[in-house]
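Notes to accompany the following structure.
The values are calculated or read from the model by the stated rules, or taken from the named source; none is laboratory data. Small disclaimer: the values here were computed from a predicted structure and weren't measured. Cβ atoms come from the backbone with ideal geometry, glycine included; neighbour counts cover every protein chain shown. Quick note on the areas: whole protein, heavy atoms, side chains included, nothing else; ligands and nucleic acids left out. Shrake-Rupley method; radii C 1.70, N 1.55, O 1.52, S 1.80 Å.
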Amino acid sequence: MSIPASLPLRNDLKGEEPYGAPQLDVPVCLNVNENPYPPAPDVVDTIAERVRQIAPTLNRYPDREHMALRRAFSDYLAKESDTRLDPEQIWAANGSNEIMLQLFQAFGGPGRKALGFAPTYSMYPEYARDTFTQWVTVPRNEDFTLDVDAAIAAINEVRPAMVLVTSPNNPTGTPLPMDQTRRLLAACEQASVDGADEGVHPILVVDEAYVEFRTPGVPSAVTLIDEHPNLAVSRTMSKAFAYAGARVGYIAADRGIVDAMRIVRMPYHLSAVTQAAALAALEHTDEQLSTVAHLRETREATAAWLKGLTYKGRPLTVAHSESNFVYFGLFDDRDFIFNELLRRGVLIRDVGPDGWLRVCMGTDEEMATFRAAFAEVLALAEKEA
């Protein structure tokens with residue numbers, strides 16, 4: 001970073017660093033929770049054809065309401081979550097990051113608060129910072145499940161405009177059971193909001209970025225939308241859909257929440273190329289999600305393997321995960337573990353509370369490399385002890 005002191009940078013941004021996991025050229029990258037399997041050749045062909053069809057129109061602005069894409073997401077949710085929503089209840093953007101930023105722009109701001117449950121996604125406080133929203137957190141239980149009673153007490157005390165809960169949680173993979181979601185919704189529907197008029201209540205944002213990796217048969221929070229106008233469910237195509245490079249996220253919510261986001265969206269924020277690529281992938285949902293079951297099996301096998309290991313004579317602790325990653329610890333010096341893995345060409349993530357590490361699921365070959373490297377590092381740690 002090289003920002004001259006003579007530039008009028010916002011005072012609250014002085015000393016800040018850009019967000020992002022390390023981008024390093026190593027043989028095995030298991031740090032950003034991507035799907036390691038590329039789109040199938042027929043999907044690639046459809047993407048190319050879709051983009052070719054709209055290429056002659058790139059002199060014109062795209063459909064700023066992206067109605068074709070919203071209809072396609074409606075069809076997908078009807079299939080994936082057994083819930084049919086109107087296209088007007090869906091909104092897309094450049095990744096779920098832009099979705100979240102639009103939520104903070106619409107419902108946060110000076111004098112407003114957002115409530116989360118730590119540890120959670122490390123971008124949330126940055127959305128809050130960028131929109132001058134106060135960020136407040138309540139600690140999770142020791143096993144990273146939600147302390148619902150503490151959460152409800154905080155909703156009533158903090159009086160936030162937004163309550164954010166990630167299910168499965170990032171970085172831990174912890175799911176939020178449906179009965180707990182309902183309790184949070186009931187609390188939000190009764191609570192008031194600091195800085196808002198009387199009769200205004202918080203919205204509950206359920207971030208389901210990894211939801212396709214959940215145990216089959218477990219319902220999504222999307223099924224509750226028509227019952228609760230203060231519920232918004234954020235999703236992404238970056239993870240299970242193997243579409244991280246396309247940068248497409250979307251939200252399902254009551255039309256009122258969507259319309260609020262439309263107020264703050266940038267003009268023509270979703271390019272014609274992005275819309276075409278997203279529609280191409282949604283024509284091939286089965287192919288795009290074909291590796292999810294295998295990655296789920298890989299997650300379970302990796303968690304079981306880690307639970308059988310020891311670190312300095314102590315069994316490793318492995319958090320229950322319903323995502324495509326596994327969170328494990330506890331390490332006296334996680335930097336040592338992280339750096340020794342990196343020396344062996346394996347990049348994972350040191351994120352969340354000190355002592356914990358996260359590894360996302362890669363290909364079978366990548367996971368074999370991780371296991372071999374990690375076993376070496378643990379043995380080295382024993383010698384160093």
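Counting only DSSP beta bridges with both residues in segment 157-292, the antiparallel share comes to about 35 percent. Taking the 1.4 Å solvent-accessible surface of segment 206-306 as the whole, the part contributed by carbon and sulfur is 57%. For the chain, build the charge dipole from Cβ charges (+1 Lys, Arg; -1 Asp, Glu) around the Cα centre, then report which of Pro36, Ala381, Tyr124 sits farthest towards its positive end. Working it through, the farthest residue towards the positive pole turns out to be Tyr124. For Lys383, which lysines qualify as cross-link partners when the Cα separation must be under 20 Å and same-chain residues fewer than eight apart are set aside? Within the straight-line cut-off, Lys383 pairs with Lys312.
Solvent exposure of segment 173-298, expressed per residue, is 37 Å² of accessible area, with all protein chains present and a 1.4 angstrom probe.
Please find, in a Gaussian network model of the chain (springs between Cα atoms separated by less than 10 Å), the residue of Tyr124, Tyr250, Tyr268 whose mean-square fluctuation is greatest. Residue with maximal mean-square fluctuation among Tyr124, Tyr250, Tyr268: Tyr268. In the full protein context, segment 1-61 carries 77 Å² of accessible surface per residue, based on a 1.4 Å probe and ignoring ligands, DNA and RNA.
Note on Thr285 and Glu382: the extension gain reaches 30.3 nm, defined as 0.36 nm multiplied by sequence separation minus the Cα-Cα distance. Each Lys and Arg Cβ is given +1 and each Asp and Glu Cβ -1; about its Cα centre, segment 120-246 then shows a dipole of about 360 debye.
With all pairs of separate Cα atoms included, segment 307-372 yields a Kirkwood hydrodynamic radius of 12.4 Å. The ellipsoid equivalent to the alpha-carbon distribution of segment 126-193 has semi-axes of 19, 17, 10 angstrom, derived from the gyration tensor eigenvalues as √(5λ) and listed largest first.
The structure-derived value of Cα extents along the principal axes in Å appears in the list (1) 60, 56, 53; (2) 96, 51, 34; (3) 68, 53, 35 under the label (1).
Exposed loop positions in the chain were taken to be trypsin sites (Lys or Arg not before Pro) whose DSSP state is not H, G, I, E or B and which have at most 14 other beta-carbon atoms within 10 angstrom. Between these positions, the longest stretch is 85-311. Relative to its residue count, segment 187-278 spans a Cα convex hull of 132 Å³ per residue. Shown is the FRET efficiency for Ser122 and Glu157, computed with R0 = 30 Å from the Cβ-Cβ distance and rounded to the nearest 0.05: 0.80.
Mean-square fluctuation check for the chain, GNM, Cα pairs under 10 Å: which of Ala196, Ala244, Ala277 is largest? Of Ala196, Ala244, Ala277, the Gaussian network model singles out Ala196 as fluctuating most.
The slack in the chain from Gln180 to Lys312, taken as 0.36 nm per residue of separation less the alpha-carbon distance, amounts to 43.8 nm. Of all the options Leu58, Leu146, Leu69, the one that moves most in a Gaussian network model of the chain with Cα springs shorter than 10 angstrom is Leu58. Bridging of Lys239 to lysines at a Cα separation below 24 Å is possible for Lys79, once same-chain residues fewer than 8 apart are set aside. Dividing the helix sum by the residues of the chain, where each DSSP H run of 4 or more adds -39500 (n - 2.57), gives a mean residue ellipticity at 222 nm of -11500 deg cm²/dmol. Between the exposed loop cleavage positions of the chain, defined as GluC sites (Glu not before Pro) in a non-H, G, I, E, B DSSP state with at most 10 neighbouring beta-carbon atoms within 10 angstrom, the longest gap is 199-385.
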